[in-house]
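First up is the structure itself, then whatever we jot down about it.
The values are calculated or read from the model by the stated rules, or taken from the named source; none is laboratory data. Bear in mind the structure is a predicted one, so any value in this text is a computation, not a measurement. Remember, those area values only see protein heavy atoms, side chains included, never the ligands or the DNA or RNA. Shrake-Rupley method; radii C 1.70, N 1.55, O 1.52, S 1.80 Å.
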Amino acid sequence: MFHRRVTSVLNLRGNAILSTVKELGNVGPLYSTVSAMEALPRKLKKAEKKPWVTSVNELKRRARYDKQERRVVREVALQPPENGLLVEKLIPVAHHVLASRAQLLACVSRISEEIPIYFCSLCTEVHVGHPPHKIRTCNVSGSQKNKEHTWQRGGVDHVLPVVQSFHLYDRLGRAVSHNERLEVDRIPALVELCIQAGVDLPEYPTQRRKFPIYRVAGKLIDFEKRFPKDDLFGKDIETFRSKETIKKPIGDRNYLNLPYDDIKGFAMRGMEAWEIMRTGAIQLMKTYGIQTCGYCPELQVGPKGHRVRQCQAFKHQMRDGQHAWQEATIDDLLSTVYVWHVQNPHAGDVLVDSMKRYYGKLPAVVELFSQVGAQVGDDYYHMMRDDVVVPGLDEEKLVV
């Protein structure tokens, strides 16, 4: 009896809704905020830690298993790259990733001369295209009372920020200590990942082993000498250089050598380079470990983090400035900046705060290429919310 009453009530409500929709049919279009779209990426709070890539229970299980294995005194044969050798099938991937990075920087440098890039001088907000949006999300110390952003012209560094990492001569050696923080080179983390995966750069030497490392009772045994006789880098090598001797790459503006006449060609090639670099980096990260701090953007390419006490994030006093290392994601490696997506950039419409629930987001570099005319991949379809029709200011009251 109870179920019949509930069914009748639901039918009455459904008929009432249908009649209301029919009455409003001649008034104008209806817009719905319910859509099968992904949750937009959000900024973490100051006291909020980055989500774990691997669950805590799984990490505890691995730790217990490793502890039991260390108690057994036996020789364990490790697999690359844990034994110091390279993974042969990933060497071409590392070369493609490094080449795509150079092409991506060249394309972004060229397109940024045509499409303006804005950044907020008070917070980390970035906007691609003109005019900048008026969404009130600037909630930091010194911001305006209405929380609007203070825009300034930006550049490539705001679309593709560079995350640096310590360059390791031996990725399986000891971690960089606090006293060595000014002696060891810091290079882009993506370049360091490619070097550890098999790319040889003369200005950043690294140790390439020919004989594997073994593990006995939890300890790594390296039977190979530090500098083999046939190692060309072994003579008069400097495992570190001072920060003043590091020169920035000057090949970022070699876009004049690319065979494109129009700006759309640069956008299409840049979008392709972005996808190759991103997918290749994800493939490398599955084999070569990368660690990041759970509270700050610090990154270290390698199986473990460094011991430099420079963290100034939430409750760093309790850690004595040490970083809270955890497994990194692709957004940590590339420092992906998400911006509001402009569906019709040529119309010159301004994104307003009252309509922000209808707007989507995209990585800044993808948004830059899409405004020129490059095709956006299917992976960003739900994030950019092109299936949502943005109502006019006079039609917002009709939204259900």
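Tell me the per residue accessible area of segment 315-363 using a 1.4 Å probe; a whole number in Å² is fine. List each step's numbers first, then the result.
Working: 2310 Å² over 49 residues.
Accessible area per residue, segment 315-363: 47 Å².
Could you please state, rounded to a whole Å, how far the C-alpha centre of segment 87-140 is from the C-alpha centre of segment 267-331?
The distance from the Cα centre of segment 87-140 to that of segment 267-331 comes to 17 Å.
Using every alpha carbon pair in segment 257-400, what percent of pairs falls into each 10 Å bin from 0 up to the bin containing the largest distance?
Final binned percentages: 10, 28, 25, 23, 13, 2.
Any chance you could list P(r) for segment 73-229, counting all Cα-Cα pairs in 5 angstrom bins from zero, rounded to whole %?
Each 5 Å bin holds this share of Cα pairs: 1, 8, 12, 13, 12, 12, 10, 9, 8, 6, 5, 3, 1, 0.
What are the residues whose amide H is under 5 Å from the amide H of residue 164, where those residues sit 5 or more places off or on another chain and H is modelled from the backbone?
189
Under the definition of Cα pairs under 8 Å and six or more residues apart, what whole-number percent is the relative contact order of segment 82-188? Walk me through the numbers on the way to the answer.
Details: 106 pairs, mean separation 23.5, N = 107.
Dividing the mean separation by the residue count of segment 82-188 yields 22 percent.
List the equivalent ellipsoid semi-axes of segment 41-153 in whole Å, largest first, each obtained as the square root of 5λ for an eigenvalue λ of the Cα gyration tensor. Present the calculation step by step, with values, prior to reporting the outcome.
On the way: eigenvalues 408, 142, 15 Å².
The equivalent ellipsoid of segment 41-153 has semi-axes of 45, 27, 9 Å.
Ignoring ligands, DNA and RNA, what percent of the accessible area of segment 40-98 is carbon or sulfur (1.4 Å)? Numbers along the way, then the final one.
Details: 2510 of 4610 Å².
Reported share for carbon and sulfur atoms: 54 percent.
Determine ³J(HN,Hα), in whole Hz, for all residues of segment 108-116 in sequence, where each value follows from phi through the Karplus function 6.51 cos²θ - 1.76 cosθ + 1.60 and θ = phi - 60°; x replaces Gly and Pro.
The phi angles translate into 5, 4, 6, 6, 5, 6, 9, 9, x Hz.
Karplus couplings for segment 154-170 from phi (6.51 cos²θ - 1.76 cosθ + 1.60, θ = phi - 60°), rounded to Hz, Gly and Pro as x?
So the J values, rounded to whole Hz, are x, x, 5, 5, 7, 8, 10, x, 9, 9, 9, 9, 5, 7, 9, 5, 10.
Over segment 276-378, what is the relative contact order in percent, taking alpha-carbon pairs closer than 8 angstrom and at least six residues apart? Mind showing how you got there, number by number?
Details: 110 pairs, mean separation 21.0, N = 103.
Once divided by the residue count of segment 276-378, the mean separation gives 20 percent.
Roughly to the nearest percent, how much of the accessible area of segment 316-379 is carbon and sulfur, given a 1.4 Å probe? Walk me through the numbers before you get to the answer.
Working: 1240 of 2790 Å².
Result for segment 316-379: 45 percent of the exposed heavy-atom area is carbon or sulfur.
So what are the ³J(HN,Hα) numbers for segment 266-282, from phi and the Karplus equation (6.51, -1.76, 1.60; θ = phi - 60°), rounded to whole Hz, Gly and Pro as x?
Ordered by residue, 3J(HN,Hα) equals 5, 5, 5, 5, x, 5, 5, 5, 4, 5, 5, 5, 5, 5, x, 5, 4 Hz.
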